[in-house]
1. Select from ILE614, ASN148, LEU504 the residue farthest towards the positive end of the dipole of the chain; place +1 on Cβ of Lys and Arg, -1 on Cβ of Asp and Glu, and compute about the Cα centre.
2. Give the angle, between 0 and 90 degrees and rounded to the nearest 10, that separates the Cα long axis of helix 530-540 from the longest principal axis of the Cα atoms of the chain.
3. For the Cα atoms of the chain, what angle does the longest principal axis make with the long axis of helix 33-43, in degrees from 0 to 90, nearest 10?
4. Please sort 616-626, 730-740 by packing, taking for each peptide the average over its residues of neighbouring beta carbons within 10 angstrom, highest first.
5. Over segment 403-556, what relative contact order in percent results from Cα pairs under 8 Å that are six or more residues apart?
6. What does the C-alpha gyration tensor say about the overall shape of segment 1-92? Classify as rounded when a/c is under 1.5, otherwise prolate if a/b is larger than b/c, or oblate.
7. Report the charge-dipole magnitude of segment 215-367 in Debye, nearest 20, computed about the Cα centre from +1 at each Lys and Arg Cβ and -1 at each Asp and Glu Cβ.
8. Given Cβ point charges of +1 (Lys, Arg) and -1 (Asp, Glu) and nothing else, what value in debye, to the nearest 20, does the dipole of the chain about its Cα centre take?
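The values are calculated or read from the model by the stated rules, or taken from the named source; none is laboratory data. Predicted model, so just to flag it, every value in this text is computed and none were measured. Here Cβ is always computed from backbone atoms with ideal geometry, including for glycine, and neighbour counts include all displayed protein chains. Calculation scope for accessible area: heavy atoms of the full protein, side chains included, ligands and nucleic acids excluded. Shrake-Rupley method; radii C 1.70, N 1.55, O 1.52, S 1.80 Å.
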Amino acid sequence: MKALIMAGGEGTRLRPLTCNRPKPMVPVMNKPVMEHIINLLKLHQITDIGVTMQYMPHVIQEYFGDGSEFGVNIKYFVEETPLGTAGSVKNAEEFLDDTFIVISGDALTDINISEAIQYHHSKNAVATLVLTKVDVPLEYGVVVTDENGMIKRFLEKPSWSEVFSDTVNTGIYILNPIVLKYMRKGEKFDFSKDLFPMLMQDKKPMYGYVAKKYWCDIGDLQAYQQCHFDILDGKVNITHHAKMIQDKIWVEENVEIENDVMLKGPILIGRNTKVKSHASISSYSIIDSDNIIGDYSTLKRAIVWKGCYVGKNVQIRGCTLCNKVQIKNDSSVFEQSVIGDETIIKEFAVVKPGIKIWPSKTIENNTEINVNLVWGTKYSKVLFGEKGIVGEVNVDITPEFASRLGASFGALLKNDAKIAISCDDTNAADMLKNSFIAGLLSAGIDVYNFQQQILPITRAGIKFYGLDGGIHIGTMMEDSDSTLFIDFLNSHGININRGMERKLENIFVREDFYRCEADKVKKVVDMQHFKYYYLRDMVNKVHNQSLGLKLIIHTPSELLESLMYPVLNDLDCEVTITKAHSKRTRVGRSFDLSKETEFLSDKVVSSKADLGVIIERNCEKLLLIDERGQVITGDMFMALAALITLETVQGATVIVPISAPGIIDKMAEQYNGKVLRTKTSPVEVMGQMVNKGEENIGMNHQFVLSFDAVGSILKIMDFMFTHNIKLSELVARIPSFHITKKEVACPWDAKGKVIRTIIEENNDEDLELMEGVKIYKDGGWVLILPDAEKAICKVIGEGYSEEFADSITEDLVNRIKEIGKMGRKNENI
């Protein structure tokens, strides 16, 4: 059998380790990681090896040559342009004349390849995917198989709500050459996105072999460090030629260790390395060849590549030093830092934890480095959570952070992009808006400043002026509480999707953004008058220009107050606006009920108002109170918006999340409409409404009801007036429904197992796997959603009665608890 090693990886998430080398050439235990893959193939008598390359191919060719020094035969296949995972295999078609194995050149594994090949032949498979179980599957391709191992479903890099299993794709495939006929040479083609779906559609036998041995995708710096520690702990079997001189202390040839050196295993010291007197090398340190470790210096959990000089009395803690780094006397480098090739750190310098320094930099004496060179400071690689980017003002989100993030967003879009920016009416948001503007301008972007403004106006302005995107900064402030929300918008005025979020995160973390020349900095365009067009447009869309209704609005936004008074006065409405505290009113894009609801409910009844409204500061979402003081929020408001849309637009299609009550489908059927369900994220709902908006005017109608509080109030009041109906009477027309929502603690490393187990146990039921797993049974349903930010699962159930909804929900809550405990027991064993 022949093997094809995929070695085209650039390794952007591993920078600065990969600044001067392709990802497969990053050393693991003093050898390129690809060399460990070649040794594994040779162990299983596979010696005819093809290597596909694209990024810096000469580095790989110069090291491995024809393979004879490594006991194998190597043939190289270079891509002029990226061809994708499957396209690169097609590029090597002339080499592949029989069943072959595809394996990544930048992962570390000791799986039993021979067993996987036997499994492939025993199943008469066209394709066998080697799978493994992981605790947190978010960065991998999740795969679901049946009891015979046949592949039924897979999903690339899911969110927590899409995790159907804890079994993931390792990127190791055993393939019949027939699969090459599905591809065209020279065209970009991917295994998971293109080839495998085609094979499934043609009902070709595709199986998953679950490997029980070690596998690690060295995709980021943390995984890179961890794989070394796993090797030293004996969790993976690889070849190295060091000898053990003491318990778990391995040294290669010509190592010189002077007097009074303290060595504590497990450690590895490479050849021709000199460790001077009174130095200390502690557990989980890996030192490559030709290094000098100075007197009294200490290394703990350190990875040191070739040719480094560590001076006297230096502290190296949990970091990685690339080739030929010099650390002069009395300096310190701390945890999770990475120092690029040929960098010089002079005397008494300190590199703080988590810092990345690109190659060939010089750090002067007595310097403390607490930012990445050149701009940045340390931030998590994951910026976006369930609620977008959220953090505390001047703690998590500083002006420096905002400027850098603005430049990153500019880099994500084209150089001549036009980007809107706005903020709410707080000084903190205004301050950070200016920092974002500076970052955008530095990237050569045209900035359209909508000033202090509500988010729906910015959304509308982006579409009206044909801009390429936007940023809105909103706050939730009360006393010392100052939480900031940052919304990034696309050219349709809706929040960017997860794919764009990932790209923005990568640009931000890698600092891969462009700074334009001074004469290319654009002038900021002032857009503060657009709000008047927006308001006039809203009023013009109201069918009845004299509504004559009485309402009470409760909001923390002074901006909204200044907008609503003139609009409602034009429509002959009597309005009272009261000041709300914004704390606890915005939870993502939904409401958290509070005492303010009770206050407004009493006020609506006592003043005989037609309705009451609570509106959060960004003015997207609202909470209604009818004339009898009843609160309309959440699922009931969603049903109300669907009802108004279906009655207003003939044959409308309404967009609702998978968790929405089933009565919406019944209402749509009654009005000859349709229901399209999406994932539960507001961004997914927005995206579907915009994508389908050109096909169905009802989508635009529903978008306003769902994500524009000003427009939503006007549409609801216009509907009430036109149909001469009170709000309570309108709500009474919605069929009754019973939904129960619960949360259950679930360890992060058990979430994938929970979903997989529940799918397996309910395989006879009607299942839906759009997001999480939804089980239909006995006329009801229950939905299990792993939370993206907390160690919990959300369980939502609907039934013909409140008792039944509670019952089916509680059953799944208890089962999730049991599965989570089982995972913990296995850990303890």
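1. Towards the positive end, the residue furthest out is LEU504.
2. Approximately 50 degrees, to the nearest ten.
3. On a 0 to 90 degree scale, this one is about 70.
4. Put in order of decreasing packing, that is 616-626, 730-740.
5. Reported as a whole number, the value is 27 percent.
6. oblate
7. Roughly 200 debye, rounded to the nearest 20.
8. Roughly 940 debye, rounded to the nearest 20.
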